[in-house]
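Undergrad: My questions will all concern the structure given below.
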Amino acid sequence: GAEPVDDVIDLGCGTGAAGAAWALAGRARSIRGFDRHPWAIAEASWTYRQFQLPGRVTHANIAAPRRPQRSRAASLGRRGTAILAAYSANELAPEGRAILLTSLLEAHALGSRVLVIEPIARRALSWWGDWQSAVERAGILAIVRAEEVARCTAKGGFRRHAVEVGLIAVHEHVTRFP
């Protein structure tokens, strides 16, 4: 089975489905979602309730600088924490993407497990190649297409669990699993 995680942090959580899947698979104690859109906060809250996950969703700009110069992800980063950024960087301005990347790298260095899922349209995103290289150099799993989630996470038991609860459909394609 999957190695348990204490907490799942879903940055730019949207509907909360991806974070909920990781929380279920990792038998997380809690899940915390962050999003700047009110509709996403309501949707993620609903998702967490449907799967009886203890957690909350907070209105936040995941790329906002924090004082004292410590990013949101880095302030949450520690062993036992799983941090997810699924299609989050794509919605940020270049400065915000730089802040988010730094945050994820810092959190990973502090012991958090980090999963980055991007982009939907690879050719349209000139920034993705540099981002992917940076996170992979740090040992962070960078998934290039959503269908890779099913295959890449199969090693940790996520696949069976996510399929059972209807969060993902399984496709057989993967480019990298560290």
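The values are calculated or read from the model by the stated rules, or taken from the named source; none is laboratory data. Computed from a predicted structure; not experimentally measured. All Cβ positions, even for glycine, are placed from backbone atoms using ideal geometry, and neighbour counts span all protein chains on display. Keep in mind that these areas ignore ligands, DNA and RNA; they rest on the heavy atoms of the full protein, side chains included. Shrake-Rupley method; radii C 1.70, N 1.55, O 1.52, S 1.80 Å.
Undergrad: Within the group E118, E95, which residue is of a type in the set (D, E, K, R), modelled with pLDDT of 65 or more and closer than 19 Å to A20 by Cα? So that I can check it myself, show each step before the final result.
TA: Values: E95 fails: closer than 19 Å to A20 by Cα.
Result of the check over E118, E95: E118.
Undergrad: Which of the residues belonging to the range 1-45 are in a helix (DSSP H, G or I) and either in contact (Cβ under 8 Å) with a residue 40 or more places away in the chain or crowded, with 24+ Cβ neighbours inside 10 Å (or both)?
TA: Step one: list which residues in the range 1-45 are in a helix (DSSP H, G or I), which gives 17-25, 38-45.
A17, A18, G19, A20, A21, W22, A23, L24, A25, A44, listed by residue number.
Undergrad: Still on this structure: Being open to solvent by 10 Å² or more (accessible area, probe 1.4 Å) and hydrophobic (A, V, I, L, M, F, W, C) is the filter; apply it to the range 73-92 and report the residue that is modelled with the lowest pLDDT.
TA: Within the range 73-92, the match that is modelled with the lowest pLDDT is L76.
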